[in-house]
Every structure is written in C-alpha cells, then in structure tokens.
Amino acid sequence: MRSLHGRTRDARGERGASMVEAAVVTPVVFAMLFGIMELGMLFKDYLGTQAAIRAGVRIASASPRNSTFAQLAANEVQAKSSVVNPTDFQELWVYKANAANDFPSGRTDFGNCTVCVKFTWDTGTGTFRPSSDTWAASAQNACTTAAGGPPDRIGVYAKVRHGAFTGVIPTTTIAEGTSMNLEPFPALSGCKP
C-alpha cells in the first residue's frame, strides 16, 4: 500500500508541476501569438502606405504643369490605400523634392516642406482636400533643354497612424516619402522653365 500511495503522491506532484508550467508558458505563448499578429498588421499598413504614395507620385510626375497635379496625386493615394483607413492619415504632402534624395526641397528630413501642397482628410466629402498650397504648377521646371537643366523632382509624403490591433504593440506612426523626376516636356514643344 505504501508503494501505491507513493505513486499517487508522485502523480499528484507531476500534475501540479504541469499546471504551474502551463500557467507560466500560456501567457508567453499568447503574447508571442498576439505580437506576431500585430506585427503582421503593422507590416500590412506599412506596405499599403508605401504602395499608395508610390502610385500618387507616379501620377504627379506624369502631370507636370497641370494645375491639378497635387489633387490628382492625392486622389490616387486615396484610391490605392484600400488597406489603410484614410482617417488614419495624419499628413499627406505633394512636394518639390531635392535632386539628391527624397526629402523636401532645402531639407534633410520630413520635418516640414516649404514648396508643397498639404492635404487633410475631409470626412464630410470622403476625400483629401488641400489645406495649404505653396507650389504653383506654373513654377514647375519640366524642361529637358540645357538652359532649363534637369526637370524638378516631385514627391509624395504620408504620415499614417497605425492603431494597435491587439494592444501588445502600442499605436505606431508610419512615415514614408518617395520622389520621382517630373516627366519632361520635349524642347520642341516650346518648354520654358
């Protein structure tokens, strides 16, 4: 009988150890699972934002000296940002970019832009509306002549809030910008910088 009681005590002890192990391991496993889900959602929003601004800059670069170049770019960002809620856009700019990098003209970061069109989301109309405009289409250099130099670069910048899906990772901000050269007008068309 002693051996029976000894085995029963061992089995009870093993069950207790298993419960303690489960109590310790289960929260860690769930935290890892929710963290993987959250990182996946963050990555989805990052890629969606990146794809939207690239689509916007392609439209803007193909519309030199068109008075609606910035609105066309903002509309394209809206159309291509199906995975990102437009109300999460904190900033959207169409800007004149430096020749050497993607930053706004005269800057080494995205702190501000001085030659740009800034947009805000209008919940009433469900579209992006310009909130400030300091870059007239007529001021764009889209010439290929030696006198005009290379065409200006145009960029699109977006700052998007990624809300926490599970709460494991806090709310994060995605900030992304890219630029391209304006599609040049041929010199034969009478292009004037």
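The values are calculated or read from the model by the stated rules, or taken from the named source; none is laboratory data. If you're wondering where the values come from, they're calculated on a predicted model, not measured in any experiment. Ideal geometry is used to build each Cβ from the backbone, glycine not excepted, and the neighbour counts take in all protein chains shown. These area figures cover heavy atoms from the full protein model, side chains too; ligands, DNA and RNA do not enter into them. Shrake-Rupley method; radii C 1.70, N 1.55, O 1.52, S 1.80 Å.
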Restricting region 101-150 to residues that are among the β-branched types (Val, Ile, Thr) and modelled with pLDDT under 90, the residue that is farthest from Thr178 (Cα to Cα): Thr145
Among (1) touching a Phe, Trp or Tyr at 6+ places or on another chain (Cβ under 9 Å); (2) open to solvent by less than 30 Å² (accessible area, probe 1.4 Å), the one test that Val84 misses: (1)
Residue under evaluation Lys80, criteria (1) modelled with pLDDT under 95; (2) among the basic types (Lys, Arg); (3) farther than 29 Å from Met41 by Cβ, criterion not met: (3)
Qualifying positions in region 106-139 - within 19 Å of Ala62 (Cα to Cα), open to solvent by less than 40 Å² (accessible area, probe 1.4 Å) and in contact with a strand residue (DSSP E or B) (Cβ under 8 Å, 6 or more places away or on another chain): Cys116, Val117, Trp135
Residues of region 79-114 classified as touching a helix residue (DSSP H, G or I) at 6+ places or on another chain (Cβ under 6 Å) and in a loop (DSSP other than H, G, I, E, B), total: 3
